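These notes concern the structure reproduced below.
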Amino acid sequence: MTAKTIAIAADHGGVELKSEIIKSLADSGWEVLDLGTDGSVSVDYPDFAKAVAKSIINGQAERGILVCGSGIGMSIAANRFPQIRAALVHDRLSTELCRQHNNANVLCLGARLLGDATALDCVNAFVTTEFEGGRHERRVEKLSSVTD
């Protein structure tokens, strides 16, 4: 895995914002693994969430970004994988907190709910904010454990 590789995918509702994010990430020096979709034809968001999750699990990317109309479906689908900590965010603060306290490795954005400037600010916060560890470490470990 390249140290600065990020996987990204969107459904038809998020494809335009995905293009803006890819440009911003590339301009910041990230290698972007684009896992689709590339058009406005209706597709099933769980397929794209799975592709990003698998890319992280398999070591192809260190983090991921998912975009759909609301971000809700993508976050639900991505969080089905125990190794994934997907966070649906709405602003810079929620993004910083998802990294600092939850060590989120997938950012979920709602293209129909966020303006491009806010979404790009969230992306910037996601790739620049570090996990604080400490008291949060034990809690994050519990997120990946199998529960009864």
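Of all residues in the stretch 110-134, exactly one satisfies the criterion of being farther than 15 Å from S24 by Cα, in contact with a helix residue (DSSP H, G or I) (Cβ under 6 Å, 6 or more places away or on another chain) and surrounded by 20 or more Cβ atoms within 10 Å (Cβ to Cβ), namely A111. Limited to the stretch 1-48, what total is found for residues that are of a type in the set (F, W, Y) and farther than 24 Å from T129 by Cα? The total comes to 2.
Checked against (1) under 20 Å from K4 (Cβ atoms); (2) surrounded by 16 or more Cβ atoms within 10 Å (Cβ to Cβ), Q83 meets all criteria but (2). Got a number for residues in the stretch 26-53 being crowded, with 21+ Cβ neighbours inside 10 Å, more than 18 Å from L88 (Cα to Cα) and aliphatic (A, V, I, L, M)? Final tally of qualifying residues: 1. Would you confirm, using the coordinates I've provided, whether K23 is surrounded by fewer than 19 Cβ atoms within 10 Å (Cβ to Cβ), among the charged types (D, E, K, R) and out of contact with any Ser or Thr (no Cβ under 7 Å at 6 or more places or on another chain)? Against the criterion (surrounded by fewer than 19 Cβ atoms within 10 Å (Cβ to Cβ), among the charged types (D, E, K, R) and out of contact with any Ser or Thr (no Cβ under 7 Å at 6 or more places or on another chain)), K23 qualifies. Does the stretch 58-74 contain at least one residue that is farther than 14 Å from L109 by Cα, crowded, with 18+ Cβ neighbours inside 10 Å and of a type in the set (A, V, I, L, M, F, W, C)? The answer is yes; a qualifying residue exists.
Values in this text are rule-based calculations from the coordinates and carry no lab data. Everything quoted here is computed from the prediction, not taken from an experiment. Virtual Cβ from ideal backbone geometry, glycine too; neighbours counted across all protein chains shown.
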